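Sharing a structure below in structure tokens format, with a few things to ask.
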2 protein chains.
Amino acid sequence: MPTLPQRVVPRAVADPDVRLSYAVDASVTRTASPTDFEVVRARDVDDVVAVLEHAQATRTPVVPQGARTSRAGGARASEGCIVLNVEALDAIHDVDELEGYAVVGPGVVNADLKRAAASAGLFYGPDPASWETCTIGGNVATNAGGLCCVKYGVTSDWVKALQVALPGGELMRTGHRTAKGVAGYDLTGLFVGSEGTLGVVTEAVLRLEPAPDAALTALAVFDSLDAAVAGIVALRRDAHRPCLLEIIDRSSVLAIQSFGDFGFPDDCAAVLLVQSDRPGHVAEDVARYAALLASAGAVDVAVADDAQESEALLAGRRVMSTAFEAMGARLAEDVCVPIGRLADFVRGVEAIAERRSVLIPVSGHAGDGNLHPSIVHDPSDADSVDRAWQAFGDVMELGLSVGGTITGEHGVGSVKLPWLGLELGPAELARQRRLKAVFDPLEIMNPGKVFAVEA
Amino acid sequence: MPTLPQRVVPRAVADPDVRLSYAVDASVTRTASPTDFEVVRARDVDDVVAVLEHAQATRTPVVPQGARTSRAGGARASEGCIVLNVEALDAIHDVDELEGYAVVGPGVVNADLKRAAASAGLFYGPDPASWETCTIGGNVATNAGGLCCVKYGVTSDWVKALQVALPGGELMRTGHRTAKGVAGYDLTGLFVGSEGTLGVVTEAVLRLEPAPDAALTALAVFDSLDAAVAGIVALRRDAHRPCLLEIIDRSSVLAIQSFGDFGFPDDCAAVLLVQSDRPGHVAEDVARYAALLASAGAVDVAVADDAQESEALLAGRRVMSTAFEAMGARLAEDVCVPIGRLADFVRGVEAIAERRSVLIPVSGHAGDGNLHPSIVHDPSDADSVDRAWQAFGDVMELGLSVGGTITGEHGVGSVKLPWLGLELGPAELARQRRLKAVFDPLEIMNPGKVFAVEA
């Protein structure tokens, strides 16, 4: 077992079963959990500093961890590591309504921050699907997105400044609390999305905006994929960006309907969900979106008049993950492609599903091109598992071939690591490792995530 | 004279007087221009690559340069350097209205991009005061802001991806054209604001948004600074952020009125200008802003009904720079402070002006706390010049003491270099130099800017 500094020994998880529960996250992998590791549940920044000081001195790998909702294996324990869980650093230190920011610990749950902002009449944008459980530290680590990104962008658009503990225990501050600031390099952006490979976020200063109105929903059913994509294009060209624009493809609709009757026709090609939250114009926008979708060829369009109807239209979307999981294990894809290539991408995934004999429902954030094909397979059937992983790689290669990226918002983690070089190329991979070395010269931070461990 | 690679010899400026005109930018410094340097006016990316390949091989300093509008001395030539001017790389390669971005060369003038976007019904946010002349490459290099940042943020909020030529001539790409992407570190943010110390931007992919409405203006006159700040606070708390919120202090008003009669009362303490461009709500917003400013204690409020009146209300603001320059030379400050400390900062500047016996009109982007005190002095009077530079440092130290930064949007350049360590501290300065070395190991990129030249 790795050794621990005296200060955090009382924070170590003693029970082996409990410890093992901290070895995994929400990702599906083919790798067994490690047997030799420690889990430290930090209570404050000094605990984090103590672990990073000790880890550097003893060259012990450190795996930073929040709520373990990563679908990319970014928070999984590795052999010989100290898992450094920061969920307990969950204080909302400040919500400054005048300057427009919140100062929070990395363990603050996304939804709790949203609620704290709302009670001050303000709004924090990023809303990963796991928003009721995922933490800000993980959101920062993966540059998390969510359903509202089509209008509100991703986590990096909302992070003003960070406090980060580095290997060796140094605390560094990045960014500015002021609205602008260009004194020196912008290291905030470098840390956002760095997946725990540079240091551990111990505090984040997050931008807040005036709150929008409560959203309303329209739902449109299409009997052809091309018509659905035409609808997406029409909405992208509207003068008022929707705050949500989701697609559910034929295969996803079938999965949802086999789980329960959510009113979708069995033979549709795709369903689009769209929302507006524009102050004073919600109903008007949603009606206009519905008309645009009808013009694009929707065979059925429903528009919510109130919050209850709005929620009812989302019901099918909300059970989707559960419906997929009822069908088998699921590799979660996270490719982001240009809007203009959405149809090519969805058709390409259909071809991969057929070629690999796996089921791949496609759903996701159509408005920003970030799709989440779900590769459903039978985990007890080695051949099914093999085919699923082959399809997993195929989907990423397809995404790259249409001008996309292998990961829009989940991160590379451990499960996409073999494909990162395909996107970045060897020169860029080498450069990024040299950058990492500026902060983590001994390569103790989250080794085996994002970049391969050096032989 | 530094040597040049054969390819760019025809692009070198032969005339010594013309060459000398490329040695300076819009900054005031106490440093004489260098005598030994070359100026290359690149015509394409290959020219840039050739210069950076040759410069690395010969360890020749390179000063990247656009329209030379820097007020911080970021584009000034240094002894023995090659000035690499990229103004001619001014092609707008693409305006993609569906994906929502433009692909441009670094020499594209900010206003030209705005016009190209507008003709596609789209909008590019950042609007430095020099927008009719400054170029995108320089905007990226300094993370430029402008008047609309209170609503639309700064350049980094609009840069999706970059192509950068590195020392040695390697072309690297950062970022993503897709809406999201977290494959590897975000190097786009690192290059934005790096002031030419890492490489030369050869192409930028810039986010475009649906265009807002044409803005209307309200102008409010205050007889106390506290009332003006109360007005700013009230507007910050409104549910709809203004797209412009400028302050002109007593001393600036006097300078404007001594230049011509723009209708300001001589005895006012401050003037605020505020605009809305919110689609469908411009007149309503501006009327509400005017009412908020009256409630905050404005002694006079004027509201524009149309574009012509709007422009008339801005007339005084527009001549302000000229009015200052009619009074003497001017050191342009660029401190950004918290909104809650604006009054303390303005009073502190008044005290500095008195202590140093210099005139310091304060104006700027009140809505985001980014103020531009102008230290007006007599360049032919050595004592006046000395006192101006002392005040220049005092203002930055004051800004830091109220939780601000030494530069909001102009950059450190050469004129603020001595104060960067005061803001960042020695450990952070050293770290940022190590980061620079990953891209520029021989320190040929813009030496003497941002960071001191090593002894």
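The values are calculated or read from the model by the stated rules, or taken from the named source; none is laboratory data. This structure is a prediction, so every number in the text was calculated from the model and none was measured. Cβ coordinates were reconstructed from backbone atoms using ideal geometry, including for glycine residues, and neighbour counts include every protein chain displayed.
Being part of a loop (DSSP other than H, G, I, E, B), on the phi > 0 side of the Ramachandran plot and either surrounded by fewer than 24 Cβ atoms within 10 Å (Cβ to Cβ) or touching a residue at least 60 places away in the same chain (Cβ under 8 Å) (or both) is true for just one of A:G413, A:G364. Which residue is that?
Values: A:G364 fails: part of a loop (DSSP other than H, G, I, E, B).
One residue alone meets the criteria, A:G413.
When the residues of the stretch B:389-410 are filtered to those that are more than 23 Å from B:V140 (Cα to Cα) and charged (D, E, K, R), which remaining residue is nearest to the other protein chains (Cβ to nearest Cβ)?
B:E397
Any residue at all in the stretch A:210-222 that is under 26 Å from A:A116 (Cα atoms), without any contact (Cβ under 8 Å) to a residue 40 or more places away in the chain and of a type outside the set (V, I, T)?
Here is the first cut: in the stretch A:210-222, the residues under 26 Å from A:A116 (Cα atoms) are A:210-217.
Add one more test, that the residue is without any contact (Cβ under 8 Å) to a residue 40 or more places away in the chain, and what stays is none.
The answer is no; no qualifying residue exists.
Only one residue in A:A75, A:A32 is free of Cβ contacts under 8 Å to residues at least 12 places away in the same chain, outside any helix (DSSP H, G or I) and within 30 Å of A:A388 (Cβ to Cβ), so which one is that?
Details: A:A75 fails: free of Cβ contacts under 8 Å to residues at least 12 places away in the same chain.
The match here is A:A32.
Taking the stated definitions as given, is A:D17 assigned to a helix (DSSP H, G or I), touching a helix residue (DSSP H, G or I) at 6+ places or on another chain (Cβ under 6 Å) and not assigned by TED's automatic domain parsing to the domain that holds A:E203?
Numbers: assigned to a helix (DSSP H, G or I): yes; touching a helix residue (DSSP H, G or I) at 6+ places or on another chain (Cβ under 6 Å): no; not assigned by TED's automatic domain parsing to the domain that holds A:E203: yes.
Taking the combined requirement at face value, the residue does not satisfy it.
Checking the condition buried (at least 24 other Cβ atoms within 10 Å of the Cβ), more than 23 Å from A:R433 (Cα to Cα) and within 10 Å of chain B (Cβ to nearest Cβ), which residue from A:G121, A:G189, A:G181 passes?
A:G181
Check B:E195, B:E170 and return the single one that is among the charged types (D, E, K, R), crowded, with 24+ Cβ neighbours inside 10 Å and modelled with pLDDT of 95 or more.
Values: B:E170 fails: crowded, with 24+ Cβ neighbours inside 10 Å.
None of the others qualify; the one that does is B:E195.
Turning to a different aspect of this structure: Restricting attention to the stretch A:411-452, and to residues there that are more than 8 Å from chain B (Cβ to nearest Cβ) and small (G, A, S), which single residue is farthest from B:A183 (Cα to Cα)?
A:A437
Take A:L442 and tell me if it is modelled with pLDDT of 95 or more and either among the hydroxyl-bearing types (S, T, Y) or part of a helix (DSSP H, G or I) (or both).
Details: modelled with pLDDT of 95 or more: yes; either among the hydroxyl-bearing types (S, T, Y) or part of a helix (DSSP H, G or I) (or both): no.
Against the criterion (modelled with pLDDT of 95 or more and either among the hydroxyl-bearing types (S, T, Y) or part of a helix (DSSP H, G or I) (or both)), A:L442 does not qualify.
Starting from residues that are touching a Lys or Arg at 6+ places or on another chain (Cβ under 9 Å) and under 15 Å from B:V200 (Cβ atoms), keep the ones in the stretch B:85-117 and report whichever is surrounded by the most Cβ atoms within 10 Å (Cβ to Cβ).
Ranking the qualifying residues of the stretch B:85-117, first place goes to B:V86.
Restricting attention to helices (runs of 4 or more DSSP H) lying wholly within the stretch A:111-210, give those where 3 or more residues are closer than 24 Å to A:V49 by Cβ and within 21 Å of the chain's Cα centre (by Cα). Working first, answer last.
Details: elements: A:136-142, A:149-152, A:187-191.
It comes to A:136-142, A:187-191.
Would you confirm whether or not the stretch A:399-406 contains a residue that is out of contact with any Ser or Thr (no Cβ under 8 Å at 6 or more places or on another chain), within 27 Å of A:L198 (Cβ to Cβ) and surrounded by fewer than 19 Cβ atoms within 10 Å (Cβ to Cβ)?
Pass one, the stretch A:399-406, residues out of contact with any Ser or Thr (no Cβ under 8 Å at 6 or more places or on another chain): A:400-402, A:406.
So of that shortlist, the ones also within 27 Å of A:L198 (Cβ to Cβ) come out as A:400, A:406.
If we keep only those that are surrounded by fewer than 19 Cβ atoms within 10 Å (Cβ to Cβ) too, we end up with A:400.
Yes, because at least one residue in the stretch A:399-406 is out of contact with any Ser or Thr (no Cβ under 8 Å at 6 or more places or on another chain), within 27 Å of A:L198 (Cβ to Cβ) and surrounded by fewer than 19 Cβ atoms within 10 Å (Cβ to Cβ).
Here are some residues: B:S276, B:S258. Which one is surrounded by fewer than 22 Cβ atoms within 10 Å (Cβ to Cβ) and among the polar types (S, T, N, Q)?
Numbers: B:S276 fails: surrounded by fewer than 22 Cβ atoms within 10 Å (Cβ to Cβ).
Result: B:S258 is the single residue among B:S276, B:S258 that is surrounded by fewer than 22 Cβ atoms within 10 Å (Cβ to Cβ) and among the polar types (S, T, N, Q).
Continuing with this model, one more query. Check A:V271, A:V319 and return the single one that is crowded, with 20+ Cβ neighbours inside 10 Å and either away from chain B (no Cβ under 14 Å) or at pLDDT below 95 (or both).
The match here is A:V271.
A further question on this structure: Please find, among B:W389, B:W419, the residue that is touching a residue at least 60 places away in the same chain (Cβ under 8 Å) and outside the structural domain of B:G74 (by TED's automatic domain parsing). Reasoning before the result, please.
Values: B:W419 fails: touching a residue at least 60 places away in the same chain (Cβ under 8 Å).
Of the residues listed, the single one that is touching a residue at least 60 places away in the same chain (Cβ under 8 Å) and outside the structural domain of B:G74 (by TED's automatic domain parsing) is B:W389.
Of all residues in the stretch A:130-146, count the ones that are more than 12 Å from every other protein chain (Cβ to nearest Cβ) and either surrounded by fewer than 24 Cβ atoms within 10 Å (Cβ to Cβ) or not polar (S, T, N, Q) (or both). Explain how you work it out, then say what you get.
First pass over the stretch A:130-146, keeping only residues more than 12 Å from every other protein chain (Cβ to nearest Cβ): A:130-138.
When the remaining residues are screened for being either surrounded by fewer than 24 Cβ atoms within 10 Å (Cβ to Cβ) or not polar (S, T, N, Q) (or both), the result is A:130-134, A:136-138.
Residues meeting the conditions: 8.
Given the criterion more than 9 Å from every other protein chain (Cβ to nearest Cβ), within 29 Å of B:G145 (Cβ to Cβ) and of a type outside the set (D, E, K, R), identify the matching residue among A:G175, A:G153.
Values: A:G153 fails: more than 9 Å from every other protein chain (Cβ to nearest Cβ).
Sole residue among the options that is more than 9 Å from every other protein chain (Cβ to nearest Cβ), within 29 Å of B:G145 (Cβ to Cβ) and of a type outside the set (D, E, K, R): A:G175.
Hey, another quick one. Residues in the stretch B:332-339: is at least one assigned by TED's automatic domain parsing to the domain that holds B:Q390, under 28 Å from the mean Cα position of the chain (by Cα) and within 30 Å of A:H240 (Cα to Cα)?
Initial filter on the stretch B:332-339 (assigned by TED's automatic domain parsing to the domain that holds B:Q390): B:332-339.
Imposing the further condition that a residue be under 28 Å from the mean Cα position of the chain (by Cα) reduces the set to B:332-339.
Narrowing the set further to residues that are within 30 Å of A:H240 (Cα to Cα) leaves B:339.
Scanning the stretch B:332-339 turns up at least one residue that is assigned by TED's automatic domain parsing to the domain that holds B:Q390, under 28 Å from the mean Cα position of the chain (by Cα) and within 30 Å of A:H240 (Cα to Cα).
Still on this model: Mind telling me which of the residues B:A455, B:A353 ends up being more than 14 Å from chain A (Cβ to nearest Cβ) and modelled with pLDDT under 95? Steps first, please.
Numbers: B:A353 fails: modelled with pLDDT under 95.
Testing whether each residue is more than 14 Å from chain A (Cβ to nearest Cβ) and modelled with pLDDT under 95 leaves just B:A455.
While we're on this one: Mind counting the residues in the stretch A:192-205 that are within 7 Å of chain B (Cβ to nearest Cβ) and aliphatic (A, V, I, L, M)? Walk me through how you get there before you give the answer.
First pass over the stretch A:192-205, keeping only residues within 7 Å of chain B (Cβ to nearest Cβ): A:192-194.
Still in the running and aliphatic (A, V, I, L, M): A:192.
Here the count works out to 1.
From B:Q56, B:Q65, which residue is in contact with a Pro (Cβ under 7 Å, 6 or more places away or on another chain) and either surrounded by 23 or more Cβ atoms within 10 Å (Cβ to Cβ) or on the phi < 0 side of the Ramachandran plot (or both)?
After ruling out the rest, the residue left standing is B:Q56.
Same structure again: Among the residues of the stretch B:378-385, is there at least one that is touching a Leu at 6+ places or on another chain (Cβ under 9 Å) and either away from chain A (no Cβ under 14 Å) or crowded, with 21+ Cβ neighbours inside 10 Å (or both)?
Residues of the stretch B:378-385 that are touching a Leu at 6+ places or on another chain (Cβ under 9 Å), as a first pass: none.
There is no residue in the stretch B:378-385 that is touching a Leu at 6+ places or on another chain (Cβ under 9 Å) and either away from chain A (no Cβ under 14 Å) or crowded, with 21+ Cβ neighbours inside 10 Å (or both).
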